[in-house]
Amino acid sequence: MTLNHAAGGVHSSSSVSCHTAAASSHMPPAIASNESFSGWTKTFTDPRLCVAIVDRLTFNGAIIQTGTESYRLAHTKAQAERAAAS
C-alpha cells in the first residue's frame, strides 16, 4: 500500500494515494486504493489499527466504488501473457 501525502509518504506494495490541499487544513483528503478495505490488513497488520484508520477515513466521507479493474494492471497482464506465449 502506498500513502502519498503533500508533505511526504509511506510506501509499500499495494496502492493507496492520499492527496490533501496544502493551502488549507479544512479540505478533506481524496484517497484512492486498489485494495478493498478488508485487504488493508496486509499493510496495517494490527487489526485494531486498521479498523481505526478505516473508521477515521470513512467517517462523514463519500466512498466511490468504480467496480472496474485497473487499465494499467490489465495491460501489464496482457503484455506478460503475450511474452510468455512467444
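The values are calculated or read from the model by the stated rules, or taken from the named source; none is laboratory data. As the structure is a prediction and not an experimental result, all values here were calculated from the model. Don't worry about glycine lacking a Cβ; one is built from the backbone with ideal geometry, like all the others, and counts go over all protein chains shown.
Being among the aromatic types (Phe, Trp, Tyr) and not in a helix (DSSP H, G or I) is the filter here; which residues of the stretch 39-56 pass it? First the steps, then the outcome.
Going residue by residue through the stretch 39-56, those that are among the aromatic types (Phe, Trp, Tyr) are 40, 44.
Residue satisfying the conditions is 44 alone.
Conditions tested, residue by residue: (1) surrounded by fewer than 10 Cβ atoms within 10 Å (Cβ to Cβ); (2) within 29 Å of residue 27 (Cα to Cα); (3) in contact with a helix residue (DSSP H, G or I) (Cβ under 7 Å, 6 or more places away or on another chain); (4) of a type in the set (Lys, Arg).
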{"site": "39", "(1), (2), (3), (4)": "no, yes, no, no"}
{"site": "45", "(1), (2), (3), (4)": "yes, yes, no, no"}
{"site": "49", "(1), (2), (3), (4)": "no, yes, no, no"}
{"site": "67", "(1), (2), (3), (4)": "yes, yes, no, no"}
{"site": "70", "(1), (2), (3), (4)": "no, yes, no, no"}
{"site": "80", "(1), (2), (3), (4)": "no, no, no, no"}
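With respect to residue 72, determine if the residue is within 18 Å of the chain's Cα centre (by Cα), at pLDDT 90 or above and among the charged types (D, E, K, R). So that I can check it myself, show each step before the final result.
Values: within 18 Å of the chain's Cα centre (by Cα): yes; at pLDDT 90 or above: no; among the charged types (D, E, K, R): yes.
Spelling it out, it is not the case that residue 72 is within 18 Å of the chain's Cα centre (by Cα), at pLDDT 90 or above and among the charged types (D, E, K, R).
Condition check ((1) basic (Lys, Arg); (2) at pLDDT 80 or above) across all residues:
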site	(1), (2)
8	no, no
11	no, no
17	no, no
33	no, yes
46	no, yes
52	no, yes
58	no, yes
77	yes, yes
82	yes, yes
